[in-house]
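J.: Can you read through this structure? Questions will come right after.
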Amino acid sequence: MKIRLASPLQPDSIVDGEGIRTVIWTQGCKHHCTGCHNAGTWNFEDGFEVTTDEVKKELSLLKGQQGITLSGGDPLFQAKACTEIAKYAKEIGLDVWCYTGFTFERLLQNKDALELLKYVDVLVDGPFILKERSLNIDFRGSRNQRIIDVKASLEAQKPILIEKYQGERIVENKIYRPQNVFI
Ligand code: SF4
């Protein structure tokens with residue numbers, strides 16, 4: 001199966017989810033959020049195609065990674081290919097985070113999305129909303145986005161947020177930590 005990527009796999013990220021992670025930057029996004037810092041990933045014709053087997057081979061050679069992060073772009077526009085990659089990541093002991101501009105509730109209504117979510121541990125959902133932007137929240141760009149425990153949420157059929165990532169931090173009234181502002 002083919003997947004269109006925006007850039008090569010990026011190992012050793014510490015801002016795209018918990019721990020040291022390899023980010024898979026998918027190409028293509030229809031959400032077109034105002035203020036998106038990654039507008040170069042919107043066009044579904046840009047980037048380059050690789051096979052999912054090539055991505056899996058690369059993942060098999062990684063060292064010292066806690067997991068993978070599916071980002072973009074929006075990985076949900078290539079849900080089937082991402083499912084194959086996420087399933088493989090789980091098989092080799094990596095955990096899986098996924099960023100999307102869709103809400104969890106919306107994904108519950110889509111068969112392909114549900115298949116992908118079976119292999120996702122943590123979903124960061126919702127569009128980037130410029131007026132909700134904050135540099136003091138963990139692993140997301142705007143306050144409306146939620147960091148979701150996928151397994152618990154699928155069981156409950158509603159989003160269950162991961163408590164430790166909630167809230168907004170201010171240290172001595174200074175912004176002290178750059179954050180992922182992609183989705
Ligand atoms: S912020 Fe994310 S969901 Fe929104 S347009 Fe950019 S890549 Fe797409």
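J.: Where in the chain lies the longest segment free of trypsin sites (Lys or Arg not before Pro) that are both loop residues by DSSP (not H, G, I, E, B) and have at most 12 other Cβ atoms within 10 Å? Display every interim value, and only then the final one.
T.: Numbers: sites that count: LYS30, LYS63, ARG169.
Longest run free of exposed loop sites: 64-168.
J.: Ok, one more. One quarter of the convex hull surface, Cα atoms only: what value does that give for the chain in nm²?
T.: Working: hull surface 40.2 nm².
Approximately 10.0 nm², given one-decimal rounding.
J.: Once both axes come from the Cα atoms, what is the angle between helix 79-91 and the longest principal axis of the chain, in degrees from 0 to 90, rounded to 10?
T.: Helix 79-91 sits roughly 90 degrees off the main axis of the chain.
J.: ASP12 versus LYS151, label points 7 Å from Cα toward the beta carbon: distance in nm?
T.: 3.1 nm
J.: Which percent, nearest 5, of DSSP beta bridges in the stretch 2-165 are antiparallel? Numbers along the way, then the final one.
T.: On the way: 13 of 25 bridges.
Taking every DSSP beta bridge with both residues in the stretch 2-165, the antiparallel ones total about 50 percent.
J.: So if a site counts as exposed when it's one of the GluC sites (Glu not before Pro), its DSSP state isn't H, G, I, E or B, and it has at most 12 other Cβ atoms within 10 Å, what's the longest stretch of the chain without one? Walk me through the intermediate numbers first.
T.: Values: sites that count: GLU45, GLU168, GLU172.
Segment 46-167 is the longest.
J.: Along the Cα-to-C-beta direction of LEU161, a point sits 7 Å from the Cα; which residues of the stretch 94-130 have their amide N less than 18 Å from that point?
T.: Backbone N within reach: 98-106, 122-130.
J.: I would also like to ask the following. Straight-line reach from LYS57: which lysines have Cα under 16 Å away, leaving out those fewer than 8 places along the same chain?
T.: LYS2, LYS87, LYS90
J.: If a/c stays under 1.5 just call it rounded; otherwise compare a/b with b/c (prolate if a/b is bigger, oblate if not). Do that for the stretch 86-125, with a ≥ b ≥ c from the square roots of the Cα gyration tensor eigenvalues.
T.: Numbers: a/c = 3.39, a/b = 1.72, b/c = 1.97.
It comes out oblate by the Cα gyration axes.
J.: Could you state the number of Å between the C-alpha centres of the stretch 44-123 and the stretch 133-151?
T.: One Cα centre to the other: 18 Å.
J.: Once you list every other residue whose beta carbon is under 10 Å from the beta carbon of MET1, what net charge do they have if Lys and Arg are +1 and Asp and Glu are -1?
T.: On the way: positive: LYS2, LYS80; negative: ASP53, GLU84.
It works out to a net charge of 0.
J.: Taking the Cα centre of the stretch 2-165 as origin, work out the dipole magnitude from +1 charges on Lys and Arg Cβ and -1 charges on Asp and Glu Cβ, in debye rounded to 20. Don't skip to the end; give the middle numbers.
T.: Numbers: 21 positive and 23 negative charges, 55 e Å.
Result for the stretch 2-165 is approximately 260 debye, rounded to the nearest 20.
J.: Another question, if that's okay. Residue-wise, which Karplus ³J(HN,Hα) couplings in Hz belong to the stretch 130-135, taking 6.51 cos²θ - 1.76 cosθ + 1.60, θ = phi - 60°, and x for glycine or proline?
T.: Rounded to whole hertz, the list is 4, 6, 9, 4, 8, 8.
J.: Something else now. In the stretch 48-117, which chymotrypsin sites (Phe, Trp or Tyr not before Pro) fall in coil by DSSP and have 12 or fewer other Cβ atoms within 10 Å? All intermediate terms of the calculation are to be shown ahead of the outcome.
T.: Working: sites: PHE48, PHE77, TYR88, TRP97, TYR99, PHE102, PHE104; in loops: PHE102.
Hits after loop and neighbour filter: nothing returned.
J.: Run the paramagnetic zone check for LYS56: 7 angstrom along Cα to Cβ, then residues of the stretch 1-38 with backbone nitrogen under 18 Å.
T.: 1-5, 9, 24
J.: Less than 16 Å from a label point 7 Å out along the Cα-to-Cβ axis of ILE20: which backbone N atoms in the stretch 67-94 qualify, by residue?
T.: 67-69, 94
Every number here is computed from the coordinates shown, using simple stated rules; none is lab data. All of these numbers come straight from a predicted model, not from anything done at the bench. Every residue, glycine as well, gets a Cβ built from its backbone with ideal geometry; the counts of neighbours run over all protein chains shown.
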